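Nothing in this text is a laboratory measurement; each read-out follows from the coordinates by a stated rule. Treat the numbers as computed from the prediction; the structure is a model and nothing was measured. Cβ: placed from backbone, ideal geometry, glycine included. Neighbour counts: every protein chain shown.
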Amino acid sequence: MVFEFRFPDIGEGVHEGKILQWSKKEGELVREGDILATVETDKVVAEIPSPKEGVLVKKGAFEGQIIHVGAIFAILDTQNSSDNSIEESKKPLKEENAGVVGELETSNGFVMPSSGEGILEHDIENISLTSRKSVLATPVARKMASDLSVDISKVKGTGPSGRVMKQDISDFLTTSKIKDKTDEKPNEFTNLDLKNREEKNSNKTHPQTPSLEGALINSEKNSKNFLTTDDYKVEKLSQLRKTIAKNMTESHNIPTALVQDFAIIDQIVAFRDRVNQNRDERISFQPIFMKALAATLRKFSIVNSNFHPEKEEIYIFSSINIGVAVDTQFGLMVPVIKNVESKSIIEINKEMKTLVEKAKNRTITLDEMRGGTITISNYGSFGGVYGKPMILPPQTAIIGFGRVHQTPVVQNGEIVPATILPISLPFDHRVIDGATAGSFLTEFIKTLSNIDYFLVHI
Amino acid sequence: MNYFDLIIIGSGPAGYVAALRGAQKGLKTALIEKESIGGVCLNWGCIPSKSLLASAQLLEKIKKGEEFGLTGVDFKEIKPNWEKMKQRAFKVVDKLTKGVQTLLKKGGITIITGEATPISSREIKVNEEIYTTKNLIIATGSSYETPELNKDTKIYTPKTVYSIEKLPEKIVIGGAGVIGIEFALLFSLLGVKVEIHEKNSQFMEYLDRDSHDFLTKTLKKSKIDLQLSKEFTIEDRSENTAYLSAISRKGNISTLNNLINQGLTVENSFIKTDLKCRTTLPNVYAIGDVNGKIMLAHVASTEGSYVIDTILGEEKDIPYDMMPFNLYASTEFASIGLSEDRAKEQGFLVEIGKFPLSANGKALADGNSDGFVKVIYEKKYGEILGVHIVAPNATDLIGEASLGMRLESTIWDIAATVHPHPTLIETFLEASFKAMGEPLHIT
């Protein structure tokens, strides 16, 4: 009886492995548990034992070749017979069909049991188990998982007590399909397999179990059943979205600490109202905040910096170039207002309006978005009091402004209403120490809270 | 304080279950009822009608006394006493509703008596008092309309049928739905001549065709005159003829005008809800008959229980496709899942197994071997798609199929399950064997 041994899912999101070395030759007798080959994945180096005794009829891949989870790894003749026809058992799957290929040693010595439910056995009756991992799942879900080469232990169950239901299997497949489709690397196995799945689906052999029409019923049926392409759409990442994703992932690698506080800005509000009284072009808060930021940065120049860890160098800037996060229909863009320290509030106001406009209609140039030394995210204009914006590398800090709102505060022992500006300061802790960040924020708040102080320092 | 996490309007099987679950999970809960705790099901529906049916079934059995080897009385002389049957039925009702009241009290639920008029989704007026709530569940149920056919003739509804004083010689029933058919079979057992007027050319077409055939034969055997394509009409004004209208039910929404003005969507008198019983207003839910989805008590209480999880953030879809359907009579009808025709229509590769009760030892011993069990499964994974049972206690037997389908069991799981002997439920096992092509006790 011929047994197709498929490359098992060894967990940790590993989808493929490289055959380093075969331990057995074709034609050689293999005992259950004998190591067939050593396989390297991006996470582990694993010795793959044979789940059965038999003659190794054919290797699924050469040494050095990549093999995908679910692809045929080796074909064994389990009865040493000359009959090479692959038999398919017509019997129902057993409740515990967790065929397992022993334990795999990871490269860091951590021992991880393989779940093995990814193996598709044609002769499940005869497989002997070296260890078992039980998953709560319905019989139909088990059969489906086995049929579609899904590792059931990876599927999150939504049934009673977390039981894996058939819907969970199809949801799991849908999700991995989207993942596969958006994956840039060609993935022969999964694509082929998905084709099979789609064919199976189009046969409509297994729609959602539906309802008896019940008495008097106008039940909205949950028509969401098996994979149909109506269930989701796949969106290719735009170049801008790719850049955002790359920057944010890079940002995530920064050891970021966070400090938050608020400034009482009633004086700034009054100041702006006075200024705007006789003006056609109104000045928004942002340029005022930017001037206060520039004044503060002059005293804490380390915050106005870029960090290049690979060179082990910090670039500390004398000019203050503030990036402003702008939400556009294409995604997030960050135009930069340069030399804020030497520009007037009116100039900044004007320049900012132009740049935001350009960003929104995508006429902005690359130069206008380069050279930032720090960035402001004004997320509060969309909602949110305190947030944690992501630092734009190689910068070392970002200022987040929350929603400006009125709130009761205690001043001189009395509760009074005040207009406050919530401020978040995520900073790169490799470059800026907590004490520095705290002092910087305190000075920034002082500049924003007291109009006289503001005027003499900007 | 009149401030609650949850107010429920209506204490039927939807509302009181929601109240118990809500309180159990820590919500400060109030339940408003204008009439009787337990709603139609407990007071004028499922429970008293099944009590009457029990009397009728006993009568039917006693009539077979001689056949079963009993002697000493003239079994043919035994007659139903309608008044005493009703008294017994309402004793049962009394016991159950008191039980529910005790549960509600012990659950710490505030019971408010009176008609509730929501002012908004947060404020509910009852007897000029305003109650405030974070979440509102509407469980006001449904009512049968009484058609105005003739002013002189009293027309009963399934709710008021208990006020019939004397067992009539003949009863004319409007509507051949489940309830119309149940009352027809009940009155027939009690020796009343029964006529049914059904305006459609078909009746209960959602039943599996084998069950439907069986029901049609049962009606014939019981000499029930089912007239299809006929509007409910009064033809005979004799005192000895009663009229019962079981035609159309409407959602009880007469006090909800404020909510409707604020955006609560109502379609054909039923409140529109999604699979989680959410209405078009935030924090307002509709459960039970008033959402018009499936007007059965077990659907209502399932909704009542699940909706609390949804309110508490653990959102759950109601499994509307896994609701058992029951018809109570001397020989009962029960089913779950798809009928044979529907399963084929939906493109399943279908296998069917049917096993007659006449080949079941227990059924023969009991002296009632009318009926069958029919199992429908799909070939690919062996999943059970539908089970249809006609048997004396079919409504109890369907429980195993309900569990089986809930757990997505395959036909092989049923076949591998040991069923006790001698029992009627063995027929489920036998039908599964048959469906697999490996029958044991039939050929």
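Restricted to Cα atoms, chain B shows a radius of gyration and a Dmax of 23.3, 71 angstrom. Per residue of B:381-387, other chain Cβ atoms within 10 Å of the residue Cβ number 6 on average. The dipole here belongs to the protein assembly as shown: it is taken about the Cα centre, uses +1 on the Cβ of Lys and Arg and -1 on the Cβ of Asp and Glu, and is about 2200 debye. In terms of other Cβ atoms within 10 Å, B:E83, B:E239, B:E408 run from fewest to most in the order B:E239, B:E83, B:E408. Per-residue mean of foreign Cβ neighbours for B:285-295 is 2 (Cβ atoms of other chains, 10 Å radius). Taking the Cα of B:D236, stepping 7 Å toward and past its beta carbon, and measuring to each backbone N in the range B:186-202: which are under 17 Å? Residues B:186-198 fall inside that zone.
Label reach from B:K79 (point 7 Å along Cα→C-beta): in the range B:52-73, amide nitrogens under 17 Å belong to B:56, B:59-60, B:63.
May I ask you to derive the FRET efficiency for B:K63 and B:E438 from their Cβ-Cβ distance with R0 = 45 Å, giving the value to the nearest 0.05? Plugging the Cβ-Cβ distance into 1/(1 + (r/R0)^6) gives 0.65.
Of the residues B:D210, B:D94, B:D321, the one that moves most in a GNM of chain B with alpha-carbon contacts below 10 Å is B:D321. Taken along the Cα-to-beta-carbon direction at a fixed 7 Å, the label points for B:T153 and A:F62 span 9.2 nm. When B:I384, B:I130 are arranged by Cβ crowding within 10 Å, least crowded first, meaning fewest neighbours, the order is B:I130, B:I384. Checking every one of the trypsin sites (Lys or Arg not before Pro) in the range A:258-312 against DSSP loop status and a limit of 14 other Cβ atoms within 10 Å picks out A:R279, A:R282, A:K311. Peptides A:263-270, B:294-301, B:134-141, A:405-412, ordered by how many other C-beta atoms sit within 10 Å of their residues on average, highest first, read B:134-141, B:294-301, A:263-270, A:405-412. Summing charges over all other residues whose Cβ lies under 14 Å from the Cβ of B:L228, with Lys and Arg as +1 and Asp and Glu as -1, gives -2.
P(r) for the protein assembly as shown, please, calculated from all Cα pair distances in 10 Å bins and given in %. Calculated over all Cα pairs of the protein assembly as shown, the distribution is 2, 9, 14, 15, 16, 15, 12, 9, 5, 2, 0, 0 percent. Pairs from the list B:K63/B:K230; B:K63/B:K217; B:K95/B:K217; A:K154/B:K316; B:K221/B:K434 with a Cα-Cα gap above 25 Å: B:K63/B:K230; B:K95/B:K217; B:K221/B:K434. Note on chain B: GNM, Cα springs under 10 Å; of B:R21, B:R406, B:R249, the largest mean-square fluctuation is that of B:R406.
Are there DSSP H segments in chain B that both extend 20 Å or more along their axis (alpha-carbon positions) and score a mean Kyte-Doolittle hydropathy of at least 0.5? List them, or say none.
Values: long enough: B:46-62 (24 Å, 0.68); B:82-106 (36 Å, -0.72); B:297-311 (21 Å, 0.41).
Counting only whole DSSP H runs, the qualifying helices are B:46-62.
Centre-to-centre separation between the Cα atoms of the range B:305-341 and those of the range A:352-411: 52 Å. Comparing B:L338, B:L190, B:L349 in a Gaussian network model of chain B (Cα springs below 10 Å), the most mobile by mean-square fluctuation is B:L349.
Averaged over the residues of peptide A:328-336, the number of Cβ atoms from other protein chains lying within 10 Å of each residue's Cβ is 0.
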